[in-house]
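Read-outs throughout are calculated quantities, based only on the coordinates presented, and are distinct from any laboratory measurement. Note that this is a predicted model, so its numbers are computed, not measured. With ideal geometry, Cβ positions are generated from the backbone for all residues, glycine too; neighbour counts draw on all protein chains shown.
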Amino acid sequence: MAEIKITQDDHYCTFSTFGVTPENPSGTKIVYTLFREVPQNGKKNAAAELVVCDIDGKNPFKLCDVSKINAHNGARAIWIDDRTLLYWDDSHTKVRTIDGTLLYAKYGYPGESTYKDNMIVYHPDYADSSDGIYTLNTTTGDYTKIVSHFDFASFKHLMDGPDHPGDWRITHPRFNRTGDKIACALRTKSHYLFICNADGSNIQFFGKKPMHWDWYDERSIIGQDNQGLDGLPSDLTARIWDLSGRWIEDAAGVGNHLAYSPDGAYLASDSWYHTSPIVLKWYKKGSLEGEPIFSSPYASAVWENGGAHVNPAFSRDGSRIYYTKPVGPNLVHGYYYQLTV
C-alpha cells in the first residue's frame with residue numbers, strides 16, 4: 001500500500017520518540033509537533049505547536065504552543081488517556097487535556113512511556129540532590145523521586161569514565177509493559193543500561209546499552225546491537241536480550257531507530273547514522289531481510305539541517321507504521337504506512 005501523509009500542508013512536522021505511537025488509546029486521535037519555522041540542526045526552536053487531529057489527519061487543531069524544543073523528537077508527546085497527554089515545553093514536562101487545560105508542569109524531561117496514569121519525569125544531569133528520576137501519578141498528583149545519580153555508584157567498577165556520580169547522565173527512562181519496572185540509560189563515558197523496580201528498588205546492571213533500545217516485553221530488552229553484546233558481533237542487527245544482557249534471539253535486520261508492533265510480530269527500523277539514502281523497512285520478527293517502506297535522497301534533512309529523525313512507531317492495533325519522512329533538503333512530514341500481511 002502507498003504511504004499516506006497525515007500532517008498539515010507543507011509544514012515541517014514530526015512525531016514523537018521512536019516506538020512511541022502518536023495515537024490515543026482508542027485509536028481515534030493523533031498528536032504531532034508542527035514547527036512554524038524550519039528548525040536548525042541541534043538548536044532549540046521556539047516557534048512550534050502541538051497539534052491534535054483525527055486518525056485520518058482531518059480536523060486538526062492547535063492544542064498549545066511549545067518552546068525550547070528541537071526537531072529530533074519534537075515535543076515528545078505521549079497520550080496518557082483519550083483526553084490527556086504529556087509533552088515537553090520550555091524545559092518542563094507538562095500534562096494537558098485536549099480541551100486545553102494544563103494539569104501539571106514539572107521541571108525536567110518526560111520519560112518515553114507511560115503506564116496507566118503513571119508517567120516519568122527525569123533530570124538527566126546532576127546539579128543538586130533533587131536530580132534523578134521521578135514518577136508522577138496524574139490522577140492523585142503524587143510526585144515521587146525514585147532514583148538519583150548516586151544510586152548507581154555501587155556499579156562504578158563495571159563502568160568506564162569519571163568516578164563521581166555527579167558527572168554521569170541519566171537518559172531515556174521507560175516503564176515496561178506491566179508498569180512494575182523501569183529501565184534507563186546512564187552515560188559515564190560509555191552508555192550503560194540499568195533496570196529497577198518502579199519504586200526505584202532492586203537496581204540491576206544490564207551492561208552496555210544497545211542502540212535505541214526498548215522493552216520487548218515485561219522481562220526482555222530489544223535494540224540494535226552496536227555493542228557486540230553477549231559475545232555476538234557488533235553488526236547493528238536487532239536483537240532481544242534478557243534483563244541480565246544474555247542474548248535470546250535475533251529479531252530483525254540492520255537498523256537504527258527501532259519500533260515493534262504491540263503483539264511483537266512485526267518491526268520497523270531506519271538507516272544507520274550519516275548514511276544516504278534514508279531507508280525505512282518493516283520486518284516480520286526473525287527475518288533479517290526487511291521490506292522497504294520508503295527510500296529518500298534527502299539525508300541532509302535527518303543528519304544535518306533540521307535534524308529530525310525517522311522515529312518509526314506502530315499504531316495501537318499494529319496495522320500502521322507512523323514515521324517522520326524527509327521530503328526535502330530541510331523538510332519533513334508525518335506519514336503512515338498500512339501493513340498488508
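Each residue of segment 280-287 was assigned a 3J(HN,Hα) from its phi angle through the Karplus expression (A = 6.51, B = -1.76, C = 1.60, θ = phi - 60°), giving 10, 10, 10, 9, 7, 3, x, 8 Hz with x at Gly and Pro.
Nothing charged except the Cβ atoms of Lys and Arg (+1) and of Asp and Glu (-1): what's the magnitude of the dipole of the chain about its Cα centre? Round to the nearest 20 debye.
Result for the chain is approximately 200 debye, rounded to the nearest 20.
According to the square roots a ≥ b ≥ c of the eigenvalues of the Cα gyration tensor, what is the shape class of segment 39-105, taking rounded for a/c under 1.5, prolate for a/b larger than b/c otherwise, and oblate for the remainder? Judged from the Cα gyration tensor, segment 39-105 comes out oblate (a/c at least 1.5, b/c at or above a/b). Between THR101 and ASP242, full extension at 0.36 nm per residue minus the direct alpha carbon distance yields a gain of 46.7 nm.
For segment 149-206, trypsin sites (Lys or Arg not before Pro) meeting the loop criterion (DSSP other than H, G, I, E, B) and having at most 11 other Cβ atoms within 10 Å: LYS189. Per-residue 3J(HN,Hα) values for segment 5-15, derived from phi via the Karplus relation 6.51 cos²θ - 1.76 cosθ + 1.60 with θ = phi - 60°, read 6, 10, 8, 7, 6, 10, 6, 6, 9, 9, 8 Hz in sequence order (x marks Gly and Pro). Each residue in GLU289, GLU49, GLU112, GLU249 was given a count of other beta-carbon atoms within 10 angstrom of its own, and listing them fewest first yields GLU289, GLU249, GLU49, GLU112.
Projecting label points 7 angstrom from Cα along Cα→Cβ for ALA153 and ASP180 puts them 3.1 nm apart. Between the amide H of ASP89 and those of LYS94, distances stay under 5 Å, these residues lying 5 or more places away or on another chain, with hydrogens modeled in the peptide plane. In sequence order, segment 317-331 has phi-based couplings of 8, x, 8, 10, 10, 8, 6, 9, 10, x, 10, x, x, 8, 8 Hz under the Karplus curve 6.51 cos²θ - 1.76 cosθ + 1.60, θ = phi - 60°, and Gly or Pro positions carry x.
Taking other Cβ atoms within 10 Å as a rough exposure proxy, SER113, SER296, SER130 sort from fewest to most as SER130, SER296, SER113. Going from the residue with the fewest nearby Cβ atoms within 10 Å to the one with the most, THR21, THR140, THR84, THR178 rank THR140, THR178, THR84, THR21. With a Förster radius of 56 Å applied to the C-beta separation of ASN197 and GLU3, the computed FRET efficiency comes to 0.85. Less than 5 angstrom separates the built amide H of VAL147 from those of ILE133, all sequence-distant by 5 or more or on a different chain. Summed over qualifying helices (DSSP H, 4 residues or more, each -39500 (n - 2.57)) and divided by its residue number, the chain shows a 222 nm mean residue ellipticity of 0 deg cm²/dmol.
Take the Cβ atoms of GLN338 and SER67, set R0 to 25 Å, and the FRET efficiency comes out at 0.15.
What shape does segment 19-139 take by its C-alpha gyration tensor, where a ≥ b ≥ c are the square roots of the eigenvalues and a/c under 1.5 counts as rounded, a/b above b/c as prolate, and the rest as oblate? Because a/c hits 1.5 or more and a/b fails to exceed b/c, segment 19-139 counts as oblate.
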